[in-house]
Amino acid sequence: MSMEQILATVRSFDGVLVLSPGPGSAFPDVAWGDHFFYYAPDGEIPHGQPYGTVVTKDYPDDEASHLGGPDGRWRVNVHVGRERFRALVGSYPRDGEAAEVAETDVVVPHPVYGALGWVAVVNPGERTTGVVLDLLRAAHDDARARTVRRAGG
């Protein structure tokens, strides 16, 4: 599945805000070309981290996936929480071994945020596209539930 197909699916979620910084925006140039997913039915960036991202290049201290470059590698990152993380990778977030995060089309612990319950997939393909979309939908639903709970509803 292409990055655009994944973005189109996420954009179809109710109350989603897909932040896609680019030149001329108020965001640092390191974020240009990347995409950050929030539950934000009011269209305002909420306080806190997104529930998922698509990144198109390596960041400082996050170079293990070898993103960007001539082959255009990119990575989907999703916060899945402790139990879902264990079901996906076979260990709890803080208990796992470092994974090979450069392999494509495989769900692995996020190279930086794995201990916090994040997983990553470089260039999702036939094996992982369905899983990635399911994880993004579940992360969106979790973010919505947190927002409702915090609002007292």
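The values are calculated or read from the model by the stated rules, or taken from the named source; none is laboratory data. Given the structure is predicted, the values throughout are model-derived calculations rather than measurements. FYI the Cβ positions are ideal-geometry reconstructions off the backbone, even for glycines, and counts take in every protein chain you see.
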Quick one: in the stretch 1-19, of everything that is part of a loop (DSSP other than H, G, I, E, B) and surrounded by fewer than 16 Cβ atoms within 10 Å (Cβ to Cβ), which residue is modelled with the lowest pLDDT?
-> SER2
Residue that is nearest to ALA139 (Cα to Cα), among those in the stretch 28-38 that are touching a strand residue (DSSP E or B) at 6+ places or on another chain (Cβ under 8 Å) and either in a loop (DSSP other than H, G, I, E, B) or β-branched (Val, Ile, Thr) (or both) | ASP34
Looking at (1) modelled with pLDDT under 95; (2) within 15 Å of the chain's Cα centre (by Cα), which is the only condition VAL76 fails?
-> (1)
For the stretch 67-87, name all the residues that are free of Cβ contacts under 8 Å to residues at least 40 places away in the same chain and in contact with a strand residue (DSSP E or B) (Cβ under 8 Å, 6 or more places away or on another chain).
-> PHE85
Out of the residues in the stretch 14-43 that are among the acidic types (Asp, Glu) and free of Cβ contacts under 8 Å to residues at least 12 places away in the same chain, which is farthest from ARG73 (Cα to Cα)?
-> ASP42
What are the pairs, 6+ residues apart or on separate chains, where a residue within the stretch 131-146 that is closer than 16 Å to VAL18 by Cβ has its Cβ under 6 Å from a residue that is in a helix (DSSP H, G or I)?
-> LEU133/THR9; LEU136/VAL10
Does the stretch 134-141 contain at least one residue that is in contact with a helix residue (DSSP H, G or I) (Cβ under 9 Å, 6 or more places away or on another chain), of a type in the set (Asp, Glu) and surrounded by fewer than 16 Cβ atoms within 10 Å (Cβ to Cβ)?
-> no
Restricting attention to the stretch 1-13, and to residues there that are out of contact with any helix residue (DSSP H, G or I) (no Cβ under 8 Å at 6 or more places or on another chain) and in contact (Cβ under 8 Å) with a residue 12 or more places away in the chain, which single residue is nearest to ALA138 (Cα to Cα)?
-> LEU7
Out of (1) at pLDDT 90 or above; (2) assigned to a loop (DSSP other than H, G, I, E, B), the one ALA98 does not meet is (1)
Across the stretch 111-135, the tally of residues that are at pLDDT 95 or above and closer than 23 Å to GLY72 by Cβ stands at 17
Hey, can you tell me all the residues within the stretch 39-88 that are of a type in the set (Phe, Trp, Tyr) and either surrounded by fewer than 22 Cβ atoms within 10 Å (Cβ to Cβ) or in a loop (DSSP other than H, G, I, E, B) (or both)?
-> TYR51, TYR59, TRP74
